[in-house]
Amino acid sequence: MRYLFPQELQESWGEYWGAAASGMEAPGEQEEWFKDFREAHLGRFAGLQTDGQITVKYSTEVWLGQPEYHPDSQE
């Protein structure tokens, strides 16, 4: 049995940037490409935001029992 729990949250620029900048793939402030990294994220946020917030939609999936494997399935 599979249960899907859709969720959504709103993030400000500070919350979004904090998550992006703290990821292990993010450059340090002293690194040469930090400015480009930040500007790319500013552009992405600006394109997605409404009133200074973005909406992040995601789902938590819970399986009870033994899931069946179907290699040709999109699920």
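For the stretch 1-35, the tally of residues that are in a loop (DSSP other than H, G, I, E, B) and either free of Cβ contacts under 8 Å to residues at least 24 places away in the same chain or of a type in the set (Asp, Glu) (or both) stands at 11.
Would you be able to say whether some residue in the stretch 24-33 is surrounded by 13 or more Cβ atoms within 10 Å (Cβ to Cβ) and either at pLDDT 95 or above or among the hydroxyl-bearing types (Ser, Thr, Tyr) (or both)? Scanning the stretch 24-33, I find at least one residue that is surrounded by 13 or more Cβ atoms within 10 Å (Cβ to Cβ) and either at pLDDT 95 or above or among the hydroxyl-bearing types (Ser, Thr, Tyr) (or both), so the answer is yes. When 42, 4, 64 are screened for being of a type in the set (A, V, I, L, M) and either modelled with pLDDT under 95 or open to solvent by 100 Å² or more (accessible area, probe 1.4 Å) (or both), only 64 passes.
Quick check on residue 15: is it modelled with pLDDT of 95 or more and surrounded by fewer than 10 Cβ atoms within 10 Å (Cβ to Cβ)? Explain how you work it out, then say what you get.
On the way: modelled with pLDDT of 95 or more: yes; surrounded by fewer than 10 Cβ atoms within 10 Å (Cβ to Cβ): no.
Criteria not met by residue 15.
The values are calculated or read from the model by the stated rules, or taken from the named source; none is laboratory data. Keep in mind that this is a model prediction, so the values were computed, not measured. FYI the Cβ positions are ideal-geometry reconstructions off the backbone, even for glycines, and counts take in every protein chain you see. Just the protein is used for accessible areas: all its heavy atoms, side chains included, with ligands, DNA and RNA removed. Shrake-Rupley method; radii C 1.70, N 1.55, O 1.52, S 1.80 Å.
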